[in-house]
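Engineer: Before I ask anything, let me first share the structure, which is written out below as structure tokens.
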Amino acid sequence: MTVFKDLRDYLDELRAKLGDDAIQTVSGASRDLEIGCLSELNAEREGPALLFDDIPGFPRGFRVLTNYMGTAASCAVALGLAPNISKLEIVRTWKDRSNRLDPVPYVDVGKGAITENILEGDDLDLRIFPAPQWHEGDGGHYIGTADLVITRDPDSGWVNVGTYRACVQGKDRLSLWILNNHGRQIAAKYWARGQACPIAVVVGCEPTLTTAAAMSPPEGVCEFDLAGALRGKPVEVLYPPGSLLPVPAYAEIVIEGEMPSPSEESVLEGPFGEWTGYYTHSGQETVVRVKRIMHRNNPIILGAPPMIPTITPGDQAVPLYGACQVWRHLDKSGVENVRGVWAYGRLLMFVIAVKQTAPGQARRALTTAATSTHTVGGMQRYYIVVDDDIDITDINHVLWALCTRVRPIESIEILNSLTTIIDPRIAPDLRAKGDLSMGKVLIDACKPFDWIDKYPGQNRFEEPYRSEIRERWSSRLRL
Ligand SMILES: Cc1cc2nc3c(=O)[nH]c(=O)nc-3n(C[C@H](O)[C@H](O)[C@H](O)COP(=O)(O)O)c2cc1C
């Protein structure tokens, strides 16, 4: 696959593979809401990557990039695949690749473009960067939405990388919102010893790094090494002077510091419009006391602002990670004849396509899929199984199956399950009690196997004839 040295290399490849229109430079948009709103409007129409420059109040060249993997074609390029590959093929290829993920250790290359500018002491100031206020209700300027937050286990030396939102709280303060994941568990070890946790927040990396950072491999596995496996080449890092935390040598911005325990110092974090499309969390959260900032000349803030889940592209046009996870889980569980897995609403609804060859197969796929674990922390609501004639990457096709192949009194089951604290549907009194019971809906939208041959025929052309007609008429009609 193509190996990108850095984010800029990826942007060059986008231009080379998809043409200059794949990235649109926008001059003069304000970092206060304007960049956020333009990004939302653009993502809604599956528009190009937007590179904001000449941001009022900031030097020319201090840029913000959004929608960097906002179309299926740009996702394909990001993953080193042919740009015209189908959406489902992207997921399938990525699933097969991530099945063979033998970590490739990162290498220390000693130097890199990230050291072009080093700010310390009196020069330290996070406010030089045009961190956007993404939405109207947001309580600050968020520099980290697709960032890499690096910590090191004080016992084993294991380096962990995660994506946690980061808000500028002053010239030398950042806030981080870290749920109970590996990053927080590592920090807690330092806090238990009365120490602050050394930390680096990295902004502006190429897509395999941002993809790996959102993965949650077992303790002891470094996400840099997973990125190395995804790229087929080690991630190049350097150790800033006096630091044990490796940082990508060609990142755009690195913010180093220490994170004291919240009982020692905390700050009001949020509100922040979350990926669910709602504001659900704001509170006293952890801070980073910033000691050093490094940035490249003309740095790019990579932004992946959360948008309501009906905006298909958002930060990624292909629900790669979640769909791969569920598909892999089905494969590992021995579920046969799965033809694809897709997700809608930022992994809140999964659709599985099955080629039915035996009774019970569709239901097995459905119930097995619902036992997969993935990153939305239990908030996923719907699992739907459909026949393989349904294009699961087309929501209208899925709706057709739901509306014409489901007999509600026999096709729908509800499982008891717990949701996560950012679920907007938890009633206030239940939230106060910590009651996260929610449930999941399992829908079998397949033709019943025992009378599948008698299911009414359909008036939709089969694919071979559709392709033939498309080809024959394409010069005269846009089809
Ligand atoms: C765009 C994006 C933003 C995220 N923001 C947060 C966040 O603010 N806080 C958080 O705890 N997890 C967030 N996550 C989820 C974590 O990155 C994810 O659970 C990751 O696996 C955590 O890594 P770790 O377990 O190695 O710490 C985000 C994920 C993505 C893709």
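The values are calculated or read from the model by the stated rules, or taken from the named source; none is laboratory data. Since the structure is predicted, the reported quantities are computational estimates derived from the model, not experimental observations. Cβ atoms come from the backbone with ideal geometry, glycine included; neighbour counts cover every protein chain shown. Just so you know, the surface numbers come from the protein's heavy atoms only, side chains and all, with ligands and any DNA or RNA stripped out. Shrake-Rupley method; radii C 1.70, N 1.55, O 1.52, S 1.80 Å.
Engineer: Would you confirm, using the coordinates I've provided, whether I114 is under 27 Å from N67 (Cα atoms), open to solvent by less than 10 Å² (accessible area, probe 1.4 Å) and away from the ligand (no atom under 14 Å from the Cβ)?
Structural biologist: In short, yes.
Engineer: If Y465 passes every condition in (1) farther than 25 Å from I390 by Cα; (2) in a helix (DSSP H, G or I) but one, which one does it miss?
Structural biologist: Failed condition: (1).
Engineer: I need the full set of residues from the range 160-208 which are polar (S, T, N, Q) and in contact with a Leu (Cβ under 6 Å, 6 or more places away or on another chain), in order please.
Structural biologist: Once the filter is applied, which keeps residues that are polar (S, T, N, Q) and in contact with a Leu (Cβ under 6 Å, 6 or more places away or on another chain), the range 160-208 yields only T208.
Engineer: Next up: Given the criterion of a type in the set (D, E, K, R), buried (at least 17 other Cβ atoms within 10 Å of the Cβ) and within 16 Å of the ligand (Cβ to nearest atom), identify the matching residue among R346, R364.
Structural biologist: Matching residue, one of R346, R364: R346.
Residue by residue, here is whether (1) assigned to a strand (DSSP E or B); (2) surrounded by fewer than 23 Cβ atoms within 10 Å (Cβ to Cβ) holds:
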{"site": "P271", "(1), (2)": "no, yes"}
{"site": "Y279", "(1), (2)": "no, yes"}
{"site": "V287", "(1), (2)": "yes, no"}
{"site": "N298", "(1), (2)": "no, yes"}
{"site": "P305", "(1), (2)": "no, no"}
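Engineer: State all residues of the range 237-260 that are over 22 Å from the mean Cα position of the chain (by Cα) and open to solvent by 20 Å² or more (accessible area, probe 1.4 Å); if no residue qualifies, say none.
Structural biologist: Y239, P241, G242, S243, L244, E258
Engineer: Answer yes if at least one residue in the range 153-160 is open to solvent by 40 Å² or more (accessible area, probe 1.4 Å), farther than 30 Å from D388 by Cβ, at pLDDT 95 or above and of a type in the set (F, W, Y), and no otherwise.
Structural biologist: No, the range 153-160 contains no residue that is open to solvent by 40 Å² or more (accessible area, probe 1.4 Å), farther than 30 Å from D388 by Cβ, at pLDDT 95 or above and of a type in the set (F, W, Y).
Engineer: Would you mention how many residues in the range 48-64 are within 18 Å of the chain's Cα centre (by Cα) and touching a residue at least 60 places away in the same chain (Cβ under 8 Å)?
Structural biologist: 1
Engineer: Still on this structure, I have one more. So which residues in the range 322-340 are small (G, A, S) and buried (at least 18 other Cβ atoms within 10 Å of the Cβ)?
Structural biologist: G322, A323, G340
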